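The values are calculated or read from the model by the stated rules, or taken from the named source; none is laboratory data. The structure displayed is predicted, hence computed values, not measured ones. Because the Cβ atoms are built from the backbone with ideal geometry, glycine has one as well, and the counts that use them run over all protein chains shown.
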Amino acid sequence: MNRRLNRRTRTLILTAAMGVLILAVYAAGILVPEEWTASSFLDAKQPPSLQHWFGTDSLGRDLFWRTVKGLSVSMTVGIVASCVSAVIALLVGIAAAVGSKGVDGFINWLIDLVMGVPHTILIILISFCLGRGLKGLLVGIAATHWCSLARLIRGEVMQLRSQHYIALSRRLGKSSGWILTNHLLPHLIPQFFVGLILMFPHAILHEASVSFLGYGLPPEQPAIGIILSESMKYLSAGMWWPAVFPGLTLVLIVLLIDRLGENLRMILDPSSAQE
Amino acid sequence: MFQWFIRLVPRGLRYGLKVISLLLAVSIIAFALVCASPIDPVQQYILGLGTAVSPERRAAIEEYWGVNDPPVERYLNWLGNLLRGDLGESALYRRPVAEIISQRFANSLALMICAWVLSGVIGFALGCVMGVFRDRWPDKLLKKICYLLSSVPTFWLGLVLLLVFAVTLGWFPVGFSSPIGVLEADVTFWQRLHHLALPAITLSIVSFPGIALHTRQKLVDVLSSEYVLFARARGEGTWTILRRHGLRNILLPALTLQFSSFAELFGGSVLAENVFSYPGLGSAVSAAGLNSDVPLLLGITVFSALFVCVGNTIANLLYGIVDPRIREVSQ
């Protein structure tokens, strides 16, 4: 790498590149015309070639474009669910830190409750409740992912509350709302965004897992989990490409988003970059 | 000693109360979710029978299941039966749920114990290596591998291992917990282990990065402390320092973390069991959800909460042993 750039600049450039790449995959998934993933029985079960990079599935659909589409579906679900989840975490975390002892105790109990059931099972239950579909998946993921971020925010607010300048502005007669928006939120927002982005990979992985199990998205939707669960039927017949490539792409995207979040943390909170 | 024990009692009671309230809440929420579902379990049950059912018979089934009673009454009925050990009859397998759970849990437990021990040992060993070689190439390489593996979905890893080791190389069977066509009594231990290997390896590969990174962090903290610097100044070698100062300080926290990861272990086993058609609780729960088998779904949910609870309780007890300050604060 260029010696003249320092580490922070390098991280910034890397993060921007990752962001652009993720956005490109997302946009490609939305913009791909229907015909590109249409089934054509003449091309069924083709191994990877120059024409079909990832090969074709049993209905002759091009797997590369299907994967890209599936990724953008997974990312949409992941992003919407994590945004909802992060807002829940922010509200719950602040409420726990600022509220009375009873509120704090109740919220801790609630977190123990959500963490006390394996998430896969909880998402299955919620999806069952909402009649197995996109809605169940979104609600399920949003309802299970807020716990750790809520704990983080609660700790952060607790720590900030004991600072002298907060005590001072309280003595100066500022209202709790004013302190919240002017003193607490500016500290919390960077944490919140990093937490939000680090939630995406988990949400996307859960989305893929639950779709794989057959809950969530309907089978005609090209979600990654569905492509992979279809690929299982043809695995013993020697069709390896529908299982390998879409999964590998999923891993890469998840890894990319995860690293993006970590880099963003280093930019926003330079002290953590030393670890 | 006795005094100390007496002091522990109120804390134990409070913890027990909390555990009971959590389990009750899980059962209420699970029951409410299932009740609110638009999927009609009676309809699914009748579809499962495979024959036409007269309206009178249907009414009899509804009466027997108590579908038309108010939800609260049904919940109390169900809870009462649950406490007596009767979880109802599974609509999918036509057998008592308690029997299915106990049978399948034996399979799942074997799988989870293997994966748990394997991921613990691998994770701890790699964590030690990373801590000792801090910021040198083995550390950097292993850290990258850990980050990579924590982005890998369990079910896809299972698929790839299945493809490579079962379909292509043929080293391991493709699925199930025992060879097909062999009577249950004739299955040997080695055959079981052979069928268990791939799902257990899958499960442990996805769960060891967490423990490895945690162990690395703890070991780095210990190794950069002043008493380790002093030990080094006295002339102790790296291995001696690791044995005398490192392992003692990091072994129990790692074990605690391992016990508190029962929820992820169970969640992962749902996926691994589905990929490998392994007849455990995980494959039963997803089948129950897909086939609207309400009693089985509820039973396994409550059971999984109980399972996680046991892990957390052990972890909490270990915390007390690891860090005496926690004991003192509560006094």
Problem set entry | Hits in segment B:283-323 - residues which are among the β-branched types (Val, Ile, Thr), more than 29 Å from B:Lys218 (Cβ to Cβ) and within 14 Å of the chain's Cα centre (by Cα) | B:Val285, B:Ile300, B:Thr301, B:Val302
Seminar exercise, completed: Pairs returned, first residue in segment A:162-183 that is touching a residue at least 12 places away in the same chain (Cβ under 8 Å), second residue that is hydroxyl-bearing (Ser, Thr, Tyr) and loosely packed, with under 13 Cβ neighbours inside 10 Å, beta-carbon separation under 9 angstrom, 6 or more apart or interchain, are A:His183/A:Tyr165
Problem set entry | Within segment A:77-89, considering residues that are under 9 Å from the mean Cα position of the chain (by Cα), β-branched (Val, Ile, Thr) and more than 12 Å from A:Leu205 (Cβ to Cβ), the one surrounded by the fewest Cβ atoms within 10 Å (Cβ to Cβ) | A:Val80
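Quick one: is B:Ser150 under 30 Å from B:Asp221 (Cα atoms) and touching an Asp or Glu at 6+ places or on another chain (Cβ under 9 Å)?
yes
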For this session: Give the residue that is surrounded by the most Cβ atoms within 10 Å (Cβ to Cβ), with candidates limited to residues of segment A:176-200 that are modelled with pLDDT under 85 and of a type in the set (Gly, Ala, Ser).
Result: A:Ser176
For this session: For segment B:217-230, indicate whether the set of residues that are in contact (Cβ under 8 Å) with a residue 40 or more places away in the chain, among the β-branched types (Val, Ile, Thr) and within 12 Å of chain A (Cβ to nearest Cβ) is non-empty.
Result: yes
Exercise. Do we find a residue being at pLDDT below 85, within 11 Å of chain B (Cβ to nearest Cβ), more than 19 Å from the chain's Cα centre (by Cα) and not in a helix (DSSP H, G or I) anywhere in segment A:255-273?
Worked result: no
Exercise. Restricting attention to segment B:255-279, which residues are in contact with a Pro (Cβ under 6 Å, 6 or more places away or on another chain) and not hydroxyl-bearing (Ser, Thr, Tyr)?
Worked result: B:Ala263, B:Phe266, B:Gly267, B:Ala272, B:Phe276
Exercise. Can you name the condition, by its number, that A:Thr144 falls short on among (1) within 14 Å of chain B (Cβ to nearest Cβ); (2) in contact with a Lys or Arg (Cβ under 8 Å, 6 or more places away or on another chain); (3) not charged (D, E, K, R)?
Worked result: (2)
Problem set entry | Complete set of residues in segment B:231-261 that are touching a residue at least 12 places away in the same chain (Cβ under 8 Å), farther than 28 Å from B:Ala166 by Cβ and either of a type in the set (Phe, Trp, Tyr) or not in a helix (DSSP H, G or I) (or both) | B:Phe259, B:Ser260
Problem set entry | Tabulated pairs, segment B:262-287, first under 18 Å from A:Phe128 (Cβ atoms) and more than 10 Å from chain A (Cβ to nearest Cβ), second outside any helix (DSSP H, G or I) and among the acidic types (Asp, Glu), C-beta under 9 angstrom, 6+ apart or interchain | B:Ala284/B:Asp293
Exercise. Can you pull out the helices (runs of 4 or more DSSP H) entirely within segment A:112-220 that have at least 3 residues that are touching a helix residue (DSSP H, G or I) at 6+ places or on another chain (Cβ under 6 Å) and β-branched (Val, Ile, Thr)?
Worked result: A:119-129, A:134-144, A:185-213
Seminar exercise, completed: The condition of being modelled with pLDDT under 80, within 26 Å of A:Tyr215 (Cβ to Cβ) and aliphatic (A, V, I, L, M) holds, among B:Ile29, B:Ile46, only for B:Ile46
Problem set entry | Filtered residues of segment B:288-322 (kept if touching a residue at least 12 places away in the same chain (Cβ under 8 Å), among the hydrophobic types (A, V, I, L, M, F, W, C) and touching a Phe, Trp or Tyr at 6+ places or on another chain (Cβ under 8 Å)) | B:Leu296, B:Leu297, B:Leu298, B:Phe303, B:Phe307, B:Val308, B:Val310, B:Ile314, B:Ala315, B:Leu318
Seminar exercise, completed: A careful count of residues in segment A:126-154 that are more than 15 Å from A:Ala86 (Cα to Cα) and in contact (Cβ under 8 Å) with a residue 12 or more places away in the chain gives 8
Exercise. Taking segment A:115-125 on its own, how many of its residues are at the interface with chain B (Cβ under 7 Å from one of its Cβ atoms) and either within 13 Å of B:Cys35 (Cβ to Cβ) or of a type outside the set (Val, Ile, Thr) (or both)?
Worked result: 5
Exercise. Can you tell me which of B:Pro38, B:Pro10 is part of a loop (DSSP other than H, G, I, E, B), modelled with pLDDT under 85 and loosely packed, with under 11 Cβ neighbours inside 10 Å?
Worked result: B:Pro38
Problem set entry | Qualifying residue in segment A:246-267 (condition: buried (at least 23 other Cβ atoms within 10 Å of the Cβ) and not hydrophobic (A, V, I, L, M, F, W, C)) | yes
Exercise. Taking segment B:302-318 as the search range and keeping residues that are touching a Ser or Thr at 6+ places or on another chain (Cβ under 8 Å) and of a type outside the set (Gly, Ala, Ser), which one is nearest to the other protein chains (Cβ to nearest Cβ)?
Worked result: B:Asn312
Exercise. Does A:Gly102 satisfy being free of Cβ contacts under 8 Å to residues at least 12 places away in the same chain, surrounded by fewer than 23 Cβ atoms within 10 Å (Cβ to Cβ) and not in a helix (DSSP H, G or I)?
Worked result: no
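Conditions (1) crowded, with 19+ Cβ neighbours inside 10 Å; (2) modelled with pLDDT of 90 or more; (3) under 15 Å from B:Ser207 (Cα atoms), marked per residue:
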| site | (1), (2), (3) |
| --- | --- |
| B:Leu92 | yes, no, no |
| B:Gln103 | no, no, no |
| B:Met112 | yes, yes, yes |
| B:Ala125 | no, yes, yes |
| B:Asp135 | no, no, no |
| B:Ile145 | no, yes, yes |
| B:Ser151 | yes, no, yes |
